[in-house]
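These notes are about the structure you will find just below.
The values are calculated or read from the model by the stated rules, or taken from the named source; none is laboratory data. Keep in mind that this is a model prediction, so the values were computed, not measured. Backbone-built Cβ (ideal geometry, glycine too); neighbour counts: all protein chains shown. Keep in mind that these areas ignore ligands, DNA and RNA; they rest on the heavy atoms of the full protein, side chains included. Shrake-Rupley method; radii C 1.70, N 1.55, O 1.52, S 1.80 Å.
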Amino acid sequence: MNVLIINGSAKGKNSETFKIAQTFVAGLGEKAKVIETYNSKIKPCKSCFKCQKNKKNKCTIKDDTQKIIKKIKNADLVIWSSPLFCYSVPSTLKALLDRLTSLSSKTIIVDDDGETTHPIIDTFGAKHVLISGSPLPDRENSFDAIKFQFTHMFGKDIEMILCTEKTIFHIASAQAIAQHYLKIIERAGRDYKHFGHILKETHQLLSQPML
């Protein structure tokens, strides 16, 4: 399986959220390529929609985004590893998500719930998992904005792991608790490998506060 982790944290590989993503990949029994948005040149989208007007749906802005989009297209699974910033994603990751306009359908789709979206085009075949970590103790409402964006961009069946209390990974006296949580994350990876989704029972364990 060609797995790609897109790490949106300014902490890079020292990110707590990235640690969760790595553990999930270990549960998959796979290795992953990593893109760090803070170390990439990603210019903001100009909303010119030239990508919607050319035959190849190609963005005309020259930076690292074209290489990143190519890696996304070639992936079987894209894991979006994002800390929660102001109830959404960090700015460099938001810039990349904006630039995926070139992969969106030109047609507005009305889904069964009456919501309108510009879904990702069919030729974009990768599956997606969102992993987001927050220092807040509350799961309710904290992740609403990031959940909204990812379900509208990648479909309502996208798997999500939403971790509260992520700062516990850096507390020496709490490592037993952190390791217990990471074992459940590894189980989630095994679920995804064997079933194509995370089992309900595993989600229930992940939804429980670590403390």
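Data for the structure
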{"quantity": "List Arg99, Arg190, ordered by accessible area with a 1.4 Å probe, largest first", "calculated": "Arg190, Arg99"}
{"quantity": "D (Stokes-Einstein, µm²/s), Kirkwood Cα radius, region 44-105, 1.306 mPa s at 10 °C", "calculated": "125"}
{"quantity": "At least 18 Å along the helix axis (C-alpha) and Kyte average at least 0.5, DSSP helices within the chain", "calculated": "16-28"}
{"quantity": "Counting all C-alpha pairs of region 62-211, share separated by more than 20 Å (%)", "calculated": "55"}
{"quantity": "Estimated dipole of the chain in Debye, rounded to 20 [Cβ of Lys and Arg +1, of Asp and Glu -1, Cα centre]", "calculated": "1320"}
{"quantity": "Equivalent ellipsoid semi-axes, region 11-88, via Cα gyration tensor eigenvalues times 5, rooted, Å", "calculated": "27, 16, 11"}
{"quantity": "Calculated FRET efficiency for the pair Ser173/Lys46, C-beta based, R₀ 45 Å, to 0.05", "calculated": "0.35"}
{"quantity": "Sequence-distant residues sharing a close amide H with His128 (under 5 Å, placed H)", "calculated": "Val78, Glu159"}
{"quantity": "Projected label distance in nm at Lys31 and His194, using a 7 Å step from Cα toward the beta-carbon", "calculated": "2.5"}
{"quantity": "Surface share of carbon and sulfur [accessible, 1.4 angstrom probe, percent] for region 59-211", "calculated": "54"}
{"quantity": "Gyration tensor verdict on region 126-211 (Cα atoms; rounded if a/c is under 1.5, prolate if a/b is larger than b/c, oblate otherwise)", "calculated": "oblate"}
